[in-house]
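Chemist: Quick one: the structure is below, questions incoming.
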């Protein structure tokens, strides 16, 4: 092995590897315990609501109470996952308040107990990152290593709450900067995700089992069908993102406090629940996701109703994530399209399950891997084709406004730093000239 001016000494390499391993395992342990408690409470809340459905009528009151608590005590954590993205990207941001973990946990469980259509990834990621950042603060870690530990918290939370540690690792590397994998955080993120998943299982927590994807050879005809599916997934994602933003914008304009916005959103959800005449679109919606894999009579409009219920829930401030509702949207839409296009519905549902959230989170690699962990290798290469195409087709939009945009999706570097919220043109700048992206400064030990 040749040495150079930037060669790391073996001693320094072992020191950093030891830090990554010990701190990553600690973060993963905390994340796994938090996910286990969260999933147990979520199951209990969902079970209780299923046998006492009249509790949904109290959703507006519960929303008002949650909103009041956040108005009173939650101002430093109101940004939610965007606060986590900032901490994972910027070295000098304040430590994520530890109160984020219990507040988002309680708020999400209450959201599900009373019937809000939300998920769980946002909660798990925020809990994991908050605990990781506070571990970093306690041991005096700053700079790049602190950012790597926040990424480990993201990986530990995501990987443990879904039982997909490899996808959790890649998601933590992929979701902060669009178009970049942050390899500097690879080791602590991997360790946190693996430890978190094992700890969560050690508490006796299981995860939903879906029908394995059948092995179907990729042919030119099937490739053409997947292009059509990708277009549909991009349109569904666009509808969800834009509707959620619209609901948030209008509710913020009309109702000044979070408590009032959540009360109003709760009223709308109760009305929608009564109009559709079924509880299928409340909460996570896992039973409908499972049905999408084997029910040829699944309603063709199911995905659209879930978009509506979830956009109102998230847009008016209820807590939770978007993953499982978007799994619902993608799986039901994929199932319907598979019936129309002559694709096995198990494969169509499996590909769709990943594609909408992959597109909304700008993380096509992580979600393709996640689908393999959940459904088996038979889903490849189909899921990767649809996730990547849909990710490109949706343009520069998504559910995490703080995601960084060093370049557009055509590979052209931007003239100045951007976030997804600001957009490619930065609120009026001229489009960037096509140019080579500058290399990312390595952040190695």
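Chemist: Counting only Cα atoms, I'd like the Rg/Rh figure for region 159-215, Kirkwood definition for Rh. Numbers along the way, then the final one.
Modeler: Details: Rg = 13.2 Å, Rh = 12.4 Å.
That ratio equals 1.07.
Chemist: Rounded to the nearest 0.05, what FRET efficiency do residue 267 and residue 227 have when you use their Cβ-Cβ distance and R0 = 45 Å?
Modeler: Once rounded, the FRET efficiency stands at 0.65.
Chemist: Shifting gears a bit: So if the hydrodynamic radius of region 220-393 is defined as the Kirkwood radius over C-alpha pairs, what does Stokes-Einstein give as its diffusion coefficient at 25 °C and 0.890 mPa s, in µm² per second? Working shown, then result.
Modeler: Numbers: Rh = 16.2 Å.
My calculation gives 151 µm²/s for D.
Chemist: Could you work out Rg/(2.2 N^0.38 Å) for the chain, with Rg from alpha carbons only?
Modeler: 0.95
Chemist: Let me ask something additional. Which order do 335, 416 fall in if you start with the one that has the fewest other Cβ atoms within 10 Å? Provide the component values of the computation, followed by the final result.
Modeler: Values: 335 31, 416 8.
Lowest to highest Cβ neighbour count: 416, 335.
Chemist: Could you tell me, in Å, what Rg and Dmax come out for the Cα atoms of region 52-169?
Modeler: 15.4, 50
Chemist: What is the spin-label model distance, in nm, from residue 75 to residue 90 if the labels are put 7 Å beyond Cα along the C-beta direction?
Modeler: Modelled inter-label distance: 1.8 nm.
Chemist: So if R0 is 35 Å, what FRET efficiency would residue 55 and residue 373 give, r being the distance between their Cβ atoms, rounded to the nearest 0.05? It would help to have the intermediate numbers written out before the result.
Modeler: Values: r = 34 Å, r/R0 = 0.97.
It comes out at approximately 0.55.
Chemist: OK, next. Test of understanding: in a Gaussian network model of the chain with alpha carbons linked when under 10 Å, which of 159, 224, 74 would top the mean-square fluctuation ranking?
Modeler: Taking springs between Cα atoms under 10 Å, the residue moving most is 224.
Chemist: Among 105, 380, 305, which one moves the most in a GNM of the chain with springs linking Cα atoms closer than 10 Å?
Modeler: Answer for the Gaussian network model of the chain: 305.
Chemist: Now for a separate question. Roughly what would the spin-label model give for residue 40 and residue 256, points 7 Å off Cα along C-beta, in nm?
Modeler: 4.3
Chemist: Sticking with this one: Over region 52-97, how many percent of alpha carbon pairs lie in each 5 Å bin up to the one with the longest distance?
Modeler: With a bin width of 5 Å, the distribution comes to 5, 19, 19, 15, 13, 12, 9, 5, 3, 1.
Chemist: Among 189, 172, 338, determine the one that fluctuates most according to a GNM of the chain built with springs between C-alpha atoms less than 10 Å apart.
Modeler: Judging by the Gaussian network model, the answer is 338.
Chemist: Name the residues of region 30-66 whose amide N is less than 11 Å from a point 7 angstrom out from the Cα of residue 106 along the C-beta direction?
Modeler: 66
Chemist: Assuming 0.36 nm per residue, please report the length gained on full extension of the stretch residue 48 to residue 413 beyond their Cα-Cα distance. Walk me through the numbers on the way to the answer.
Modeler: Working: separation 365, 0.36 × 365 = 131.40 nm, distance 5.11 nm.
Answer, rounded to one decimal: 126.3 nm.
Chemist: Now a separate question. What list of whole percents do you get for P(r) of region 1-96, with Cα-Cα distances grouped in 5 Å bins up to the one holding the largest distance?
Modeler: The distribution over region 1-96 is 2, 9, 8, 12, 16, 14, 11, 8, 6, 4, 3, 3, 2, 1, 0, given as percents.
We did not get these values from a lab; they are worked out from the coordinates using the rules stated. This one's a predicted model, so the numbers in the text were calculated from it and none came from an experiment. Please note: Cβ atoms are built from the backbone with ideal geometry, for glycine as well, and neighbour counts cover all protein chains shown.
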